[in-house]
1. Only one residue in Phe51, Phe13 is in contact with an Asp or Glu (Cβ under 8 Å, 6 or more places away or on another chain), at pLDDT 95 or above and within 22 Å of Tyr149 (Cα to Cα), so which one is that?
2. Hand me the list of helices (runs of 4 or more DSSP H) wholly inside region 71-158 holding 2 or more residues that are farther than 26 Å from Val188 by Cα.
3. What do you reckon, is Val135 of a type in the set (Val, Ile, Thr), closer than 15 Å to Thr73 by Cα and in contact (Cβ under 8 Å) with a residue 24 or more places away in the chain?
4. Just to be sure before I move on: is Arg142 surrounded by 15 or more Cβ atoms within 10 Å (Cβ to Cβ), touching a strand residue (DSSP E or B) at 6+ places or on another chain (Cβ under 6 Å), of a type outside the set (Val, Ile, Thr) and closer than 19 Å to Tyr85 by Cβ in the structure I sent?
5. Do the conditions hold for Phe33, that is, is it of a type in the set (Phe, Trp, Tyr) and closer than 21 Å to Gly210 by Cα?
6. Of everything in region 37-70, what is closer than 19 Å to Glu186 by Cβ and surrounded by 17 or more Cβ atoms within 10 Å (Cβ to Cβ)? Give them in sequence order.
7. Only residues in region 60-82 that are over 30 Å from Thr29 (Cα atoms) count as the first member; pair them with residues that are part of a loop (DSSP other than H, G, I, E, B) and aromatic (Phe, Trp, Tyr), Cβ under 9 angstrom, at least 6 apart or cross-chain, and list the lot.
Amino acid sequence: MSQSYEEIDNIFFKDGYELAKKILGENLTGEKFILLIRTMYENLDQLLDSFIYRLHKEQQALDCKKGCSWCCTQPVFTNHWEVEYLRHFMKKRFTVEKIAEIKAKAEKKNKEVSTLSSSSLLKNRIPCPLLHDNVCSVYPARPMACRIYLSSDLDSCIEEFRNPSHEKNFAKLYDFPLHAGRKLNEGVAKWLTEKEFEVKEYRLEEGICGEW
């Protein structure tokens, strides 16, 4: 990557800001939020497809694949517009019974982690309530934090899972997706803040088990 991350960060922050400005406009509605998140995810997915193609072309490792869920026990932080998009997806794709099952899992996890300190929470390893047979049941609608988590080394993911308290255990992730996704979200949040719209952050299970 020839560009500095400062330059890349500025580009994606501006992209998120301008996307929110273009789609949400002055009249913020639920439908517009759904369109915003869908568009942002589609744009990011296209970018990641190109990034992954480049990794393969340069024969660099990418150890993320369907059925690998070592990272799906870590805390996932998301925001209210991503939660709304997730709920919208679930309502369209899942039965009432399936949604109730997922919400029950989310409530159980939320109860277990809600009293933990920040440091203890980050070391906690409880499966995501959206995980089913080691596969994400909402993969097309998964939050930004999950989309940008691309590992170059499976062993590092397993080691982090098994020894989360070890200060030197980190999954070997690619930096570019992390920067791109985070800054897109920050750009959207900046535009909403300027419009005096409250920006909230949740743990994923907290957002799922909240009032729908």
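The values are calculated or read from the model by the stated rules, or taken from the named source; none is laboratory data. Owing to the predicted nature of the structure, the values given are computational and were not obtained by experimental measurement. Neighbour counts are summed over all protein chains in view; Cβ atoms, including those assigned to glycine, are modelled from backbone coordinates with ideal geometry.
1. Numbers: Phe51 fails: in contact with an Asp or Glu (Cβ under 8 Å, 6 or more places away or on another chain).
Matching residue, one of Phe51, Phe13: Phe13.
2. On the way: elements: 80-93, 96-113, 118-123, 144-147.
Once the helices (runs of 4 or more DSSP H) in region 71-158 are filtered for at least 2 residues that are farther than 26 Å from Val188 by Cα, what remains is 96-113, 118-123.
3. yes
4. On the way: surrounded by 15 or more Cβ atoms within 10 Å (Cβ to Cβ): yes; touching a strand residue (DSSP E or B) at 6+ places or on another chain (Cβ under 6 Å): yes; of a type outside the set (Val, Ile, Thr): yes; closer than 19 Å to Tyr85 by Cβ: yes.
So Arg142 fits the description; yes.
5. For Phe33, the condition - of a type in the set (Phe, Trp, Tyr) and closer than 21 Å to Gly210 by Cα - is met.
6. Matches in region 37-70: Ile37, Met40, Tyr41, Leu44, Leu47, Leu48.
7. Gln60/Tyr174; Leu62/Tyr174; Cys64/Tyr149; Cys71/Tyr149; Gln74/Tyr149
Table: residues versus (1) within 20 Å of Gly210 (Cα to Cα); (2) at pLDDT 95 or above; (3) touching a strand residue (DSSP E or B) at 6+ places or on another chain (Cβ under 7 Å).
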residue: Lys66; (1), (2), (3): no, no, yes
residue: Lys92; (1), (2), (3): yes, yes, no
residue: Lys103; (1), (2), (3): yes, yes, no
residue: Glu107; (1), (2), (3): yes, yes, no
residue: Ser119; (1), (2), (3): no, no, no
residue: His132; (1), (2), (3): no, no, no
